[in-house]
Amino acid sequence: MLKGKVAIVTGSTSGIGLGITEVLAAQQCDVMMNGFGDEKMIAALQAKLHRQYKVKIGYHGADMTQPDEVQAMVKATRRELGSVDILVNNAGIQHVASIEEFPRAKWDQVMAINLSAPFHAIQAAIPHMRKKKWGRIVNIASAHGLVASVNKSAYVAAKHGLVGLTKVAALELAGSGITCNAICPGWVLTPLVQKQIDEKAHDKKIKVKEAEIELLSEKQPSKQFVTPEQIGKLVLFLCSSGADQITGSSQSIDGGWTAQ
Ligand code: NAD
């Protein structure tokens with residue numbers, strides 16, 4: 001379905017980004033991966049995906065806190081893979097603390113990675129997409145882009161901001177063949193969430209499995225995790241012609257979290 005297209009998936013060395021990369025690669029899309037991790041582990045991931053799907057899998061180590069590096073990643077993708085047709089802004093971090101105790105540096109870091117990086121990547125990618133009169137921008141926001149939780153001020157503010165940025169980009173790009181949408185997942189069992197489960201187990205002196213059930217029960221009525229593959233399939237749909245007129249939207253994939 002995506003043969004001849006090139007995607008950038010930020011934060012794709014782990015979790016949701018890796019799941020999205022795999023779904024896109026399986027549809028013959030070339031992908032520029034990004035994110036942190038051990039060099040050998042990343043090279044092995046690239047080799048595995050290339051072997052399995054016979055597509056080009058690049059890697060750019062841009063640090064999403066650095067606007068120049070974000071721009072350089074978009075340029076390198078054009079140079080090395082020939083185009084930038086799909087941009088998935090997925091890289092993100094979390095920090096859990098009350099407003100009174102929230103470290104200033106953490107606030108800045110969450111904002112830089114979760115909100116400013118998508119802006120810089122979108123700004124760099126738009127000219128290439130305009131030339132081709134086709135493009136897909138998908139911002140991985142969160143249920144926390146639509147509703148709040150305690151102790152997540154920076155994350156909730158950044159994700160609400162990302163939903164807002166999605167709407168502005170959609171309006172500015174309307175009719176150009178380029179769409180911009182947000183995906184708002186509920187809990188997905190990735191390292192980002194595992195850390196929160198482990199902290200809960202530690203703080204409450206309960207087993208990790210109990211903490212997992214408690215975490216799901218608090219927010220997600222289905223009491224089941226969303227999977228990275230399911231999010232990848234939603235990205236794929238947003239890249240299809242069936243989604244040509246879907247733009248500026250926020251797609252919830254959250255087991256009922258935000259229906260409450
Ligand atoms: P994860 O921790 O498994 O992966 C995060 C990825 O971002 C990794 O590849 C990491 O290397 C990369 N990254 C972190 N800082 C970076 C930086 N400065 N520069 C470049 N790359 C960087 O997390 P995940 O759960 O897969 O989260 C992916 C996205 O999905 C995030 O935006 C997150 O907010 C969002 N999300 C996650 C959940 C969930 O339940 N896991 C729910 C809703 C939304």
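Scanning region 178-213 for residues that are away from the ligand (no atom under 16 Å from the Cβ) and out of contact with any helix residue (DSSP H, G or I) (no Cβ under 8 Å at 6 or more places or on another chain) returns HIS202, ASP203, LYS205, LYS209. Name the single residue that is least open to solvent (accessible area, probe 1.4 Å) among those in region 230-244 being touching a residue at least 60 places away in the same chain (Cβ under 8 Å) and out of contact with any helix residue (DSSP H, G or I) (no Cβ under 9 Å at 6 or more places or on another chain). Applying the filter and picking the extreme gives LEU238. Among the residues of region 144-154, those that are on the phi < 0 side of the Ramachandran plot and either open to solvent by 20 Å² or more (accessible area, probe 1.4 Å) or part of a strand (DSSP E or B) (or both) comprise LEU146, VAL147, ALA148, SER149, VAL150, LYS152, SER153. Any residue that is closer than 12 Å to VAL6 by Cα, away from the ligand (no atom under 11 Å from the Cβ), modelled with pLDDT of 95 or more and in the same structural domain as THR10 (by TED's automatic domain parsing) - is there at least one of those in region 114-124? No: region 114-124 contains no residue that is closer than 12 Å to VAL6 by Cα, away from the ligand (no atom under 11 Å from the Cβ), modelled with pLDDT of 95 or more and in the same structural domain as THR10 (by TED's automatic domain parsing). Pairing residues of region 181-193 that are over 17 Å from GLN224 (Cα atoms) with residues that are near the ligand (Cβ under 6 Å from one of its atoms) and β-branched (Val, Ile, Thr), at Cβ distances under 7 Å and at least 6 apart in sequence or on separate chains, gives ILE183/ILE140. The condition of being among the small types (Gly, Ala, Ser), crowded, with 23+ Cβ neighbours inside 10 Å and under 30 Å from HIS128 (Cα atoms) holds for only one of ALA170, ALA174, ALA141, ALA157, that being ALA141. Does THR179 satisfy being among the hydroxyl-bearing types (Ser, Thr, Tyr) and out of contact with any strand residue (DSSP E or B) (no Cβ under 9 Å at 6 or more places or on another chain)? In short, no.
Apart from one condition, SER250 fits all of (1) more than 16 Å from the ligand (Cβ to nearest atom); (2) open to solvent by 30 Å² or more (accessible area, probe 1.4 Å); (3) in contact with a strand residue (DSSP E or B) (Cβ under 6 Å, 6 or more places away or on another chain); the exception is (1). Comparison of LEU162, LEU216 shows that the only residue that is in the same structural domain as GLY242 (by TED's automatic domain parsing), modelled with pLDDT of 95 or more and either within 11 Å of the ligand (Cβ to nearest atom) or among the β-branched types (Val, Ile, Thr) (or both) is LEU162. Taken over region 194-229, the criterion of being surrounded by fewer than 18 Cβ atoms within 10 Å (Cβ to Cβ), touching a residue at least 12 places away in the same chain (Cβ under 8 Å) and either touching a Lys or Arg at 6+ places or on another chain (Cβ under 6 Å) or under 19 Å from HIS144 (Cβ atoms) (or both) is satisfied by LYS195, GLN196, GLU199, GLU214, PRO221, SER222, LYS223, GLN224, THR227.
The values are calculated or read from the model by the stated rules, or taken from the named source; none is laboratory data. Owing to the predicted nature of the structure, the values given are computational and were not obtained by experimental measurement. No Cβ is skipped: glycine too gets one built from the backbone with ideal geometry, and neighbour counts run over all protein chains shown. Surface accessibility is based on the protein's heavy atoms, side chains included, excluding ligands, DNA and RNA. Shrake-Rupley method; radii C 1.70, N 1.55, O 1.52, S 1.80 Å.
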